[in-house]
Amino acid sequence: MTTTTPPGQLSTQLVSLATCHETNVAPARPGAPFVVLAGSPNSGKSTLFNALTGAGRAVANYPGTTVEIGSGSWQVPGIGETCLSDLPGTYSLAPQSPDEALTSQLLSTPGLVDLVIMVCDAAHLGRSLVLTAHLRALPVRLLVVLTMNDVAADRGTVVSAGALANRLGVPVVKVDPRRRPDTSAIGAAAAAALTAPVPRPINTGLARTCCPDCPPDCLDCPARILAGSGDLDDAEALFSWITETTESVTTRSPVTRRNWSDLADRWVTAPVIGPLIFLAVMWGVFQLTTRAAAPLQDALDALFTGPISAGATAALGAVGLNGGLLEGFLVTGLIAGVGMLLTFVPLMTIMFAILALLEDSGYLARAAVVTDRLMGMLGLPGRAFLPLVVGFGCNVPAISAVRVLPDARHRILTALLVPFTSCTARLTVYVMVAVTFFPDNAGTVVFGMYVTSILLVVLGGLLLRGTLFRAMGTDPLVLDLPPYQRPHLRVLAASTWLRVRGFLQTAAGIIVATVTVVWLLGVIPGPGASAGWGQVPVDQSLYAWLSGQLAVIFTPAGFAEWHAVGALVVGFVAKEAVISSWAQTYAATDGDLVTLGHSVLADFTAASGGHPQAAALAFLVFILAYTPCVATIAAQKRQIGARWTLVGVALQFALAWLLSVAVFQVASSLPGLAL
Amino acid sequence: MTRLETILDAVRAGAGGAGEVVRRTGMDLDTVETGLTMLAATGRIRRELVFATACVPSGCGSCPVAAGCAGAGLTNGKALRCWRPT
């Protein structure tokens, strides 16, 4: 075996990297043969790496980059210890990202690597052969490992390792890393390859137009490949070589079975059926969420309004602090406000778990295709669907995501539309109002809010494109869909927990602050109050007075009522605060969730002239469309500037008001919606 | 028209996924995926992350939503990529 100096240096570099990160995994002794695993993403490279090294992985950033490389020690029979590195996945040596550039650089630098183990996905052999063909045009030792043979077999395709080895002129080993791969076969093949001379590069089609008599030390081909030649003739030649290779090394069943993932995609991403399936799935999500969470929510509510409130009161009484401002702040402020919000934890947990399930199974990727096509049909920029979809989780990262749009007008347009996507914070309000006013159809009402949200995005987009953003082209794309897979419990649990934790952090941070301010305004007497500081009834407080002054604006919308309007004002801080402020302002007279609901219903009935459900719908539409939370506005200002942010805030408020008035006026005229 | 040009046309026409390119061109999926990879290597189209259904395996540096990620609670797992004409 011949080991050149540069690989030794690189091995040493990787050893030192691991030491720097104190992973306690020394990849290999300095100077050990340097072996790398290359291949496309999701080809089974990392699974194979773990099998070969016993999962002894040291992960470190490659010097001067943010690219992570995993390395470990691999004992090769007859050779001894080698340094095995798991390079970032890449499809070719023409890099498109920093990690691909690093992989490309490592693989194409003469003499750097002692052996390249090219992991080829048998289920996508043609795609894997692009990188393989590039590598075979270079003077490197190559061992091809075929993975995903079971998936290929399911599709009726069998790849012959022998035929492929003959075609490529390098050894080929078949394994299935997910089922205890035969590492001894790979080890034996690696040992043979490491001790053999560097194989002569072969003519892979690219060389037909590059240098027909390609010598072993050819530098033209690598340079041409790395430059990412724009010559379509070159690409066509290589494409033909790959196609010929694929055809000559695979046998297909006479009747090729379509795998169930492809069959499902024919329906799930179909132009008409796809959106209908998407809507049905989302309707099911909200039905399941609202129905399954109800008993848990009631139990938590009983806990906060019962034992916890009573315990806090008793504890304060024991130290002589009952009956004062402190008790008021603790019981009717913190416990009522934050506690009410916490009753939504089961609901959020169930919903996040279902979304994680859809995400991990691969369905959400299909939903993105459906959304993208819908937007494209309406003439909206295809790329904008990314931030808009993210916006259904939280508007703040969605606004940040507009950075991916290259055109400034696209960024502004999308940032203006994102607040119309219904973030999960608004879900708590939807559920509270829907359960109170539409107890038999709560899930459908919540689902309706999400459909309304999509309609607002579409209509808002069309409106803006027809006025401020004319002559803006669309940007077609082809989505690279992952196959469906069985969801992993660990991934589901981690995803759900991270999101629930985010919800709890909001409740523990900004909501506590909001609750404190609302409580403070609630104990300060308003003009004409009959009692002083701390003694004033909440409906005579400064909070009630200020909210009442603004309430007149909402008379045509049917909810000109100070509790509701006050909640909308604090909802500007965070939408979850709508619930906590209601809980606080009703807490003096009402105890649990059911009683609170009755009080809200009574106030809406009075404010709407006997049309509480129409007023509730108007209120929900206003919550959906009006000014987003302060964090979203701050993100908007960062991305599109103060002027456009102000335009957006004004537009949203005006649109929300107009829509809520329209909804109330129409709905209140429908006899079916009158109590 | 060559096969690569046919695939490129389908991308430019806004096919929603590789499956749709298959339907439009009549080629099999592996050929289409290979063609897309080839076209990306020539710079005719580019492959990029468009939608993080979860954190990108290559780390936050290449994630388009990293800046505001705290609110989204995205987890480790998959990222959705797409091919676009350049």
May I ask you to list the residues in the range A:80-118 that are surrounded by 21 or more Cβ atoms within 10 Å (Cβ to Cβ), part of a loop (DSSP other than H, G, I, E, B) and β-branched (Val, Ile, Thr)?
A:90, A:113
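Here are some residues: A:333, A:274, A:320. Which one is surrounded by fewer than 19 Cβ atoms within 10 Å (Cβ to Cβ) and over 20 Å from the mean Cα position of the chain (by Cα)?
Values: A:333 fails: surrounded by fewer than 19 Cβ atoms within 10 Å (Cβ to Cβ); A:274 fails: surrounded by fewer than 19 Cβ atoms within 10 Å (Cβ to Cβ).
Residue meeting the stated conditions: A:320.
For the range A:434-449, state whether one or more residues are modelled with pLDDT of 80 or more, among the aromatic types (Phe, Trp, Tyr) and assigned to a loop (DSSP other than H, G, I, E, B).
Our first condition is that a residue be modelled with pLDDT of 80 or more; within the range A:434-449, this holds for A:434-449.
If we keep only those that are among the aromatic types (Phe, Trp, Tyr) as well, we get A:437-438, A:447.
Subsequent filtering for residues that are assigned to a loop (DSSP other than H, G, I, E, B) retains A:438.
Yes, the conditions are met somewhere in the range A:434-449.
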Going through (1) part of a helix (DSSP H, G or I); (2) of a type in the set (Val, Ile, Thr); (3) at pLDDT below 65 one by one, residue A:243 fails only at (3)
Criterion first (among the small types (Gly, Ala, Ser), within 30 Å of residue A:439 (Cβ to Cβ), under 31 Å from the mean Cα position of the chain (by Cα) and assigned to a helix (DSSP H, G or I)) does residue A:264 satisfy it?
no
Condition broken by residue B:6, with the remaining ones in (1) outside any helix (DSSP H, G or I); (2) more than 7 Å from chain A (Cβ to nearest Cβ); (3) modelled with pLDDT of 65 or more satisfied:
(1)
Of the residues A:143, A:131, which is in a helix (DSSP H, G or I) and either more than 14 Å from chain B (Cβ to nearest Cβ) or buried (at least 17 other Cβ atoms within 10 Å of the Cβ) (or both)?
A:131
Only one of B:75, B:34 is at pLDDT 80 or above, buried (at least 21 other Cβ atoms within 10 Å of the Cβ) and within 7 Å of chain A (Cβ to nearest Cβ). Can you tell me which?
B:34
Checked pairs for the range A:446-460, first touching a residue at least 60 places away in the same chain (Cβ under 8 Å) and within 21 Å of residue A:348 (Cα to Cα), second among the aromatic types (Phe, Trp, Tyr) and part of a helix (DSSP H, G or I), C-beta under 7 Å and 6 or more apart or across chains, list as A:446/A:286; A:446/A:430; A:447/A:283; A:447/A:286; A:449/A:430; A:453/A:420
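The values are calculated or read from the model by the stated rules, or taken from the named source; none is laboratory data. Remember, it's a predicted structure, so these values are computed and weren't measured experimentally. Here the Cβ is made from the backbone with ideal geometry for all residues, glycine too, and neighbour counts use every protein chain on show.
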